[in-house]
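Contents: one structure, followed by commentary.
Nothing in this text is a laboratory measurement; each read-out follows from the coordinates by a stated rule. Note that the structure is a prediction, hence the values are computed from the model and not measured. Reconstructed Cβ throughout: ideal geometry from the backbone, glycine too, with neighbour counts over all protein chains shown.
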Amino acid sequence: MSSSASSEPLHVALLADGVYPYRLGGIQRHTRMLALHFAKAGVQVTLLHSADTPELRSRAEALDDFPAEARSRIRSLVVVPPKAGRYPGHYLNDCRAYSRLLLDRYREEKVGADFVYAQGLTGIAFGVARRKGATDLPPVGVNQHGYEMFQPVADLRSWLEQFVLRGQVVALDRSADVVFTFPRRIREIVKRRCRVPADRLVEVPNAIDSSWIVADRPAPTAKRRFLFIGRHERRKGVPELLEAIAPLRAPEVEFHFVGPIPEPLRLKRDDVVYHGTVTDTATLQGILDSSDVLLCPSFAEGMPTVVLEAMARGLAVIATDVGATAEWVDADNGVLLPRPDVGALRGAIERFIAMPAAGLHRLQLASIAKARTCTWDLVTAKTIAAIQSFRDPVPA
């Protein structure tokens, strides 16, 4: 029975291709926080997800990195992902196959949720089943985050890889009962390119857990530490960033990279530090706290978690004006570049190197103030309200 007709708590099936820290990435971090804050708000969550190795799948099944109080409200169902194809366009077929696995598991386990919240392309099979008249599924909401396939790309190969996804992305949005969308350019993509009616759109920004937000930040020292955090994807602008910083050498300047930057790309210098992949929250926060400025020179983004996490720790930001980044970054707390142009990026970095400590400190404190307006408690409440309004009874 649907909880809309009973006193039982709201039950949401949350679909994802993985959850942080068992899989890395912005959507995976978003899924983790959404599950935790659904549970905190009293929602019963069935989490259908995956991981790449048997060891990680075992950990993901147990949610061993989640707080005990959250695990009591989250049921974790892990599926083995399909073997990745090797032919052109395989990614889309892999996504379809994975979504079918999630739907099969949903039915086998008789999940019976009040609402399905699907991250990325995980809801494909659910949308198809709903269109075919399935009566055992509740309303489906999708959040496709960045819509990179409709944003600028770095090269022809990236364009071809993204182009093949457009039709499926549009079909999924149009089949959903509700589309959760980030603000600004992302919302415009959903409205104009995916042609989703306004009455099925719910604008919900990304968010930060309030525990990440520092109360204050000491004024910066004479040393300037710049930080990049991200996976090695072409759209992240790593080659442009490395080219921009190559000629910038000074005793009081350091560049730090968190993420799997391939060895052949690395600048072999003492002032460029590579931390590798960091999954421990305290370690990541420590790196952020010792940095001054975040660098986010992406060609395409949704509403990047890494920017909000950096703001919450009091970093100024240099970012490109893509996705919904402009919702957070402006002249008050950083520099917003039109595109990841090497010269413009280098110029922005040089501006921060020369900036007096007091001026940089004002930008850093503005970042903290902005982060306080985007907490997960606020975003979760809005998401739950939207789910409640789109729910309908599922036949017993």
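Taking Gly323, Gly112, Gly146 in turn, the Gaussian network model of the chain (Cα-Cα springs below 10 Å) assigns the largest fluctuation to Gly112. What is the range 210-371 by shape, rounded, prolate or oblate, if you read a ≥ b ≥ c off the alpha carbon gyration tensor as root eigenvalues and call it rounded for a/c under 1.5, prolate for a/b larger than b/c, and oblate otherwise? Rounded is the answer for the range 210-371, as its axis ratio a/c remains below 1.5. In this simple spin-label approximation, Ala358 and Asp65 carry label points 7 Å from Cα along the Cα→Cβ vector, and these lie 4.3 nm apart. Quick check on the chain: take the gyration tensor over C-alpha atoms, sort the square-rooted eigenvalues as a ≥ b ≥ c, and tell me if it's rounded (a/c under 1.5), prolate or oblate. Prolate, since a/c reaches 1.5 and a/b exceeds b/c. Mean separation of Cα pairs under 8 Å and 6 or more residues apart, divided by the residue count, gives the range 210-371 a relative contact order of 28 percent.
Cross-link reach is defined here as a Cα-Cα straight distance under 23 Å, omitting same-chain residues fewer than 8 places apart; for Lys236 the lysines meeting it are Lys268.
Let's test the formula: R0 of 35 Å, r as the Cβ-Cβ distance of Arg96 and Ser72. What FRET efficiency results, to the nearest 0.05? Using R0 = 35 Å, I get an efficiency of 0.55. Counting only lysines at least 8 places from Lys191 when in the same chain, those with an alpha carbon closer than 22 Å to its own are Lys382. Under 11 Å from a point placed 7 Å out from the Cα of Glu252 along the Cα-to-Cβ direction: which residues of the range 203-243 have their backbone N that close? From the range 203-243, the list is 221-224.
Modelled spin labels at Arg157 and Leu265, positioned 7 Å past Cα toward Cβ, are 1.1 nm from each other.
Remark: the Ala198-Ala41 segment gains 53.8 nm on full extension, using 0.36 nm per residue and subtracting the alpha carbon distance. Per residue of the chain, the DSSP helices (runs of n ≥ 4 H) give a summed -39500 (n - 2.57) that works out to -11000 deg cm²/dmol at 222 nm. Residue order for Ser298, Ser210, fewest other beta carbons within 10 angstrom first, comes to Ser210, Ser298. Anisotropy class assigned to the range 93-184 is prolate, per the alpha carbon gyration tensor with a/c at or over the 1.5 cut-off and a/b larger than b/c. How big is the gap, in Å, between the Cα center of the range 302-318 and the Cα center of the range 222-287? Their Cα centres are 15 Å away from one another.
Using the Cβ-Cβ distance between Val273 and Asp341 with R0 = 30 Å, the FRET efficiency computed as 1/(1 + (r/R0)^6) comes to roughly 0.75. Spin-label model, Asp332/Glu108: points 7 Å from Cα along the beta carbon direction are separated by 5.0 nm. Counting only whole DSSP H helices of the chain, the ones at least 20 Å long by C-alpha along their axis and with mean Kyte-Doolittle hydropathy no lower than -0.5 are 26-40, 357-371, 376-390.
In terms of surrounding Cβ atoms within a 10 Å radius of their Cβ, Val306, Val379, Val116 rank from fewest to most as Val379, Val306, Val116.
The fewest-to-most ranking of Cys95, Cys296 by surrounding Cβ atoms within 10 Å reads Cys95, Cys296. Amide H to amide H distances under 5 Å link His256 with Phe226, Leu227, Phe228, Val273, where only residues 5 or more positions off or on other chains count and H is placed in the peptide plane.
Compared with the alpha-carbon gap, the fully stretched path from Glu188 to Ala369 is longer by 62.5 nm at 0.36 nm per residue.
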